[in-house]
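**Student:** Handing you a structure now.
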Amino acid sequence: MINIFKMDKRFRQLIVPFFKIKKAMKTASMTQMGGENQILHFLARPNHEHGHHHIAPHHCSGHHHVMLDGDKIMPSDIARSCHMTSARVASALKILEKKGFVERVNSKTDRRKVYVSITKAGMKEMKSRLGQLGERINHIFDKLTKQEADEFINILNKIADIATKDIKEIK
């Protein structure tokens with residue numbers, strides 16, 4: 001565990017509120033799920049550009065090109081894109097499949113390959129969770145003035161742009 005008292009003051013001023021926000025923003029259904037929520041969100045965000053399929057992950061970092069068969073993806077690609085172990089992905093998929101949120105299908109051309117896709121029930125669940133999150137965000141922003149909300153969003157976007165640029169420069 002990180003000792004926040006030994007951290008730089010500015011870092012502490014920044015990180016503590018972020019952890020508080022993260023804790024407050026989790027819905028009951030989100031806190032009950034670990035990687036399942038991350039995988040469900042990942043599968044709910046297909047992005048089809050230029051005739052190629054790729055996933056634009058939300059909780060998963062970066063844009064990773066993955067092999068898709070229609071809207072199906074291989075579990076190994078989920079693990080790589082979401083920086084999760086294969087075992088964690090397999091466990092999470094088992095839980096999501098049991099709930100009817102994802103389905104696994106064997107490849108028609110290679111029996112060793114298994115593809116995963118989100119079901120209608122999974123999409124409905126993800127939309128419900130995003131709706132809950134949206135309600136929480138609106139509740140918080142309702143307590144700010146329009147100027148405060150706009151200023152916060154502008155600063156957060158600026159920080160995100162700087163961080164994204166820095167990551168690209170490091171690579």
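Residue-by-condition table, conditions (1) among the β-branched types (V, I, T); (2) touching a residue at least 60 places away in the same chain (Cβ under 8 Å):
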residue: T109; (1), (2): yes, no
residue: R112; (1), (2): no, no
residue: T119; (1), (2): yes, no
residue: R129; (1), (2): no, yes
residue: Q132; (1), (2): no, yes
residue: R136; (1), (2): no, yes
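**Student:** If a residue must be part of a loop (DSSP other than H, G, I, E, B) and surrounded by 10 or more Cβ atoms within 10 Å (Cβ to Cβ), how many such residues does segment 125-171 contain?
**Tutor:** Total meeting the criteria: 1.
**Student:** Got at least one residue in segment 99-117 being surrounded by 14 or more Cβ atoms within 10 Å (Cβ to Cβ), part of a helix (DSSP H, G or I) and charged (D, E, K, R)?
**Tutor:** Scanning segment 99-117 turns up no residue that is surrounded by 14 or more Cβ atoms within 10 Å (Cβ to Cβ), part of a helix (DSSP H, G or I) and charged (D, E, K, R).
**Student:** What are the residue pairs meeting all of these: first residue in segment 1-30, first residue among the aliphatic types (A, V, I, L, M), second residue at pLDDT 80 or above, Cβ atoms under 7 Å, and 6 or more apart or on different chains?
**Tutor:** From segment 1-30, the pairs are I4/V16; M25/L133; M25/R136; M30/N37; M30/R129.
**Student:** Select, from F11, F5, F19, the only residue that is modelled with pLDDT under 80, out of contact with any helix residue (DSSP H, G or I) (no Cβ under 7 Å at 6 or more places or on another chain), open to solvent by 90 Å² or more (accessible area, probe 1.4 Å) and assigned to a helix (DSSP H, G or I).
**Tutor:** Values: F11 fails: modelled with pLDDT under 80; F19 fails: modelled with pLDDT under 80.
The unique qualifying residue is F5.
**Student:** Could I ask something else about it? Among the residues of segment 72-89 satisfying the criterion of being without any contact (Cβ under 8 Å) to a residue 24 or more places away in the chain and open to solvent by 50 Å² or more (accessible area, probe 1.4 Å), which is nearest to K113 (Cα to Cα)?
**Tutor:** Only one residue fits best here, namely S76.
The values are calculated or read from the model by the stated rules, or taken from the named source; none is laboratory data. All of these numbers come straight from a predicted model, not from anything done at the bench. Every residue, glycine as well, gets a Cβ built from its backbone with ideal geometry; the counts of neighbours run over all protein chains shown. Note: areas computed on protein heavy atoms with side chains; ligands, DNA, RNA excluded. Shrake-Rupley method; radii C 1.70, N 1.55, O 1.52, S 1.80 Å.
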